[in-house]
Amino acid sequence: MPHANDPIVQKLLADARSAQLMWMSGDSAPYATLMAHTPKFTIFGPFGGPSPPGWSEEFAKAQASAARQFQGAVSSTIDLVQSYVSGDLVVLVMIERNVEKFGGYEQPQQWDLRVTQVYERDGANWRIVHRHVDPLVTRRDLAQTLQLFRP
């Protein structure tokens with residue numbers, strides 16, 4: 001696994017794990033501090049839809065609202081699949097595995113995600129400039145995948 005022991009990768013992974021635990025408790029603020037608050041920020045979240053046009057207060061409010069659905073992780077881990085370090089860019093490819101309590105659901109639910117985060121150096125800090133998250137589902141064939149596009 002290239003760069004897995006790189007101190008920058010380890011720091012960013014620790015930050016992601018810490019922010020993920022807070023998100024799973026309904027608090028979006030720690031992840032917000034990791035994200036680039038610029039027009040070039042993009043996110044493809046697990047609920048689908050297009051990326052918002054950069055960071056905005058409206059986006060921050062939407063993130064806070066989404067996080068409030070999460071009411072506490074029964075368990076939460078992040079597994080690093082791959083990492084890439086090149087100059088002022090770092091990419092982390094991860095699997096987030098969670099068992100989560102959600103508002104409106106009596107029993108905890110599995111919430112496993114495939115995640116790619118792209119970081120850019122911002123002075124002495126690293127900021128997420130892109131986050132792509134989708135549910136980690138069992139492999140499906142073309143017909144099953146095409147069903148996702150039907151209303």
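Every number in this text was worked out from the coordinates using simple rules, so none of it is lab data. Model, not experiment: these values are computed from the prediction. All Cβ positions, even for glycine, are placed from backbone atoms using ideal geometry, and neighbour counts span all protein chains on display.
So which residues in the stretch 6-24 are farther than 23 Å from Ser86 by Cα, crowded, with 16+ Cβ neighbours inside 10 Å and of a type outside the set (A, V, I, L, M), if there are any at all?
Gln20, Trp23
For the stretch 114-145, enumerate the residues that are surrounded by 10 or more Cβ atoms within 10 Å (Cβ to Cβ), of a type outside the set (Lys, Arg) and more than 20 Å from Pro46 (Cβ to Cβ).
Those that are surrounded by 10 or more Cβ atoms within 10 Å (Cβ to Cβ), of a type outside the set (Lys, Arg) and more than 20 Å from Pro46 (Cβ to Cβ): Glu120, Asp122, Asn125, Trp126.
Residues to consider are Ser76, Ser83; find the one that is within 19 Å of Val129 (Cβ to Cβ) and crowded, with 18+ Cβ neighbours inside 10 Å.
Numbers: Ser76 fails: within 19 Å of Val129 (Cβ to Cβ).
Exactly one of Ser76, Ser83 is within 19 Å of Val129 (Cβ to Cβ) and crowded, with 18+ Cβ neighbours inside 10 Å, namely Ser83.
When you go through (1) within 14 Å of the chain's Cα centre (by Cα); (2) over 29 Å from Pro7 (Cα atoms) one by one for Asp141, which number turns out not to apply?
Checking Asp141 against (1) within 14 Å of the chain's Cα centre (by Cα); (2) over 29 Å from Pro7 (Cα atoms), the one that fails is (1).
Output the number of the condition that Gln71 fails; it satisfies all remaining conditions of (1) surrounded by 13 or more Cβ atoms within 10 Å (Cβ to Cβ); (2) under 17 Å from Ala16 (Cα atoms).
(2)
Which residue, of Ala60, Ala36, is farther than 19 Å from Arg114 by Cβ, surrounded by 15 or more Cβ atoms within 10 Å (Cβ to Cβ) and in contact (Cβ under 8 Å) with a residue 40 or more places away in the chain?
On the way: Ala60 fails: in contact (Cβ under 8 Å) with a residue 40 or more places away in the chain.
Sole residue among the options that is farther than 19 Å from Arg114 by Cβ, surrounded by 15 or more Cβ atoms within 10 Å (Cβ to Cβ) and in contact (Cβ under 8 Å) with a residue 40 or more places away in the chain: Ala36.
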